[in-house]
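Written below as structure tokens is the structure these notes are about.
The values are calculated or read from the model by the stated rules, or taken from the named source; none is laboratory data. Quantities reported herein were computed from a predicted structural model and do not represent experimental measurements. As a convention, Cβ positions derive from the backbone with ideal geometry for all residues, glycine included, and neighbour counts pool all protein chains shown.
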Amino acid sequence: MLHKTSAWPLAQAYAALIVYASLYPFTGWRDQGIAPWAFLPSPWPKYWTGFDVAANLVGYAPFGFLLALSFLRRGRKPVVASNRSAIAVATLVAFLLSLCMEALQSYLPSRVPSNVDLALNALGGLIGATVAGGLELAGAIDRWSRFRVRWFVEDARGALVLLALWPVALLFPAAVPLGLGQVFERLETGLAEWLHDTPFLEWLPVRDIELQPLMPGTELLCVGLGALIPCLLGFSIIPSTGRRAAFAVVAIGLGALVTALSAALSWGPGHVWSWLSDPVSLGLGLGLAMAAALLAVPRRACAALLLLTLVVHLSMLNQAPASAYFAQTLQTWEQGRFIHFNGLVQWLGWLWPYAALVYVLVRVSRSDSDL
């Protein structure tokens, strides 16, 4: 029987990240009269920077790590031979993915395929896979497996993936701290542009007034619900009350730290805590208090409360206007664009709560669910 590991869906998500970052901005596709494999025998570039080398190595190392780990954890405890096979296969997949991305960049005038990038990407995949294999042989992965068995229910893979992606989604600045899923105004504008010069434009409802910034009390509640959401998701897969308490403190603390990191990356180190206003501070405290009050609630009830919390949070959040200042800031700061993978993290911030909503709905509706 195959072991269900969270590494496999995380590897798939990371592969999607690589595709997005490699082919962005997805415009200007054309045949430039160059064979897609012509970059392979080309001379190595004369000019390169340490940043380019590090980015290509680091970019593929997590993919190799997750892919090798997913192969290693899908069966019984591997021996050295299967460990080497997992490393080899993960490295080969990383190489093939990079080869496809570099070849496709031949059709994008804004991107330049490079055999150096291909070699560095493959090396990064090998490094990541080797680290996974080494940790497996050292028993570290087994210790994580035992930790997972003690802390979480057996079928917790989907929730663990969502929880792993939650802090990444917070890297992109939001109009309301911990406010993921603010899409209404963008959907409204995008749909109007898409239907421009068509008779269907008249079908769109017209708002009488513009969206207004949230009142301090509403912002406080919105932040509190945003902090409660990952706690309830964790509670739905953690049976122990004591471990739930530790998880809630870590989750809300991590959310605050990642939000501070996002502020530093977007506006500079001097603005690390500029987002921590009085309503936000009280909202974080409210989220922690609500999580403490729900520590003993059964897991199925936590899932139901999570659905309600997500709906209320998204309803409140989407009554506020999107901030154009964030987008302008990221367009003018090169490091911000790199850290945010040209908008991919922003997409993750938009879609994460809806993915959590679908996940919980499916779990609750399953008759064989152990919730």
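Taken over the stretch 220-236, the criterion of being surrounded by fewer than 24 Cβ atoms within 10 Å (Cβ to Cβ) and not in a helix (DSSP H, G or I) is satisfied by no residue. Can you name every residue in the stretch 102-114 that is surrounded by fewer than 20 Cβ atoms within 10 Å (Cβ to Cβ), touching a helix residue (DSSP H, G or I) at 6+ places or on another chain (Cβ under 8 Å) and in a helix (DSSP H, G or I)? Answer for the stretch 102-114, where residues must be surrounded by fewer than 20 Cβ atoms within 10 Å (Cβ to Cβ), touching a helix residue (DSSP H, G or I) at 6+ places or on another chain (Cβ under 8 Å) and in a helix (DSSP H, G or I): LEU104, GLN105.
Return yes when ALA293 is surrounded by fewer than 13 Cβ atoms within 10 Å (Cβ to Cβ), under 21 Å from ILE238 (Cβ atoms) and either out of contact with any Pro (no Cβ under 6 Å at 6 or more places or on another chain) or modelled with pLDDT of 85 or more (or both) and no when it is not. Working first, answer last.
Values: surrounded by fewer than 13 Cβ atoms within 10 Å (Cβ to Cβ): yes; under 21 Å from ILE238 (Cβ atoms): yes; either out of contact with any Pro (no Cβ under 6 Å at 6 or more places or on another chain) or modelled with pLDDT of 85 or more (or both): yes.
Taking the combined requirement at face value, the residue satisfies it.
Of all residues in the stretch 168-187, none satisfies being without any contact (Cβ under 8 Å) to a residue 24 or more places away in the chain, of a type outside the set (Ser, Thr, Tyr), outside the structural domain of LEU221 (by TED's automatic domain parsing) and out of contact with any helix residue (DSSP H, G or I) (no Cβ under 9 Å at 6 or more places or on another chain).
In the stretch 134-149, what residues are at negative phi and of a type outside the set (A, V, I, L, M)?
Taking the stretch 134-149 as the starting set, the residues that turn out to be at negative phi are 134-138, 140-149.
Selection gives GLY134, GLU136, ASP142, ARG143, TRP144, SER145, ARG146, PHE147, ARG148.
Check the stretch 86-99 and report whether any residue there is buried (at least 18 other Cβ atoms within 10 Å of the Cβ), in contact with a Lys or Arg (Cβ under 8 Å, 6 or more places away or on another chain) and in a helix (DSSP H, G or I). No, every residue in the stretch 86-99 fails to be buried (at least 18 other Cβ atoms within 10 Å of the Cβ), in contact with a Lys or Arg (Cβ under 8 Å, 6 or more places away or on another chain) and in a helix (DSSP H, G or I). When the stretch 161-176 is filtered for residues that are out of contact with any Pro (no Cβ under 9 Å at 6 or more places or on another chain) and farther than 17 Å from ALA260 by Cβ, the ones remaining, listed by number, are ALA164, LEU165.
Of the residues SER281, SER315, SER240, which is out of contact with any Cys (no Cβ under 7 Å at 6 or more places or on another chain), within 18 Å of PRO353 (Cα to Cα), surrounded by fewer than 18 Cβ atoms within 10 Å (Cβ to Cβ) and not charged (D, E, K, R)? Walk me through it before giving the result.
Details: SER281 fails: within 18 Å of PRO353 (Cα to Cα); SER240 fails: within 18 Å of PRO353 (Cα to Cα).
Criteria check complete, one pass: SER315.
Of all residue pairs spaced 6 or more apart or on separate chains, none has beta-carbon atoms under 7 Å together with a first member in the stretch 35-64 that is assigned to a helix (DSSP H, G or I) and a second member that is surrounded by 12 or more Cβ atoms within 10 Å (Cβ to Cβ) and modelled with pLDDT under 70.
Pairing each residue of the stretch 287-312 that is in contact (Cβ under 8 Å) with a residue 12 or more places away in the chain with any residue that is in a helix (DSSP H, G or I) and polar (S, T, N, Q), provided the two are 6+ apart or on different chains, yields C-beta distances under 6 Å for LEU295/THR241; ALA296/THR241. Against the test of being in contact with a Leu (Cβ under 6 Å, 6 or more places away or on another chain), outside the structural domain of PHE147 (by TED's automatic domain parsing) and surrounded by fewer than 21 Cβ atoms within 10 Å (Cβ to Cβ), the options VAL258, VAL272 yield a single qualifying residue, VAL258.
PRO205 meets each of the listed conditions (1) under 24 Å from the mean Cα position of the chain (by Cα); (2) outside any helix (DSSP H, G or I); (3) modelled with pLDDT under 90 apart from (1).
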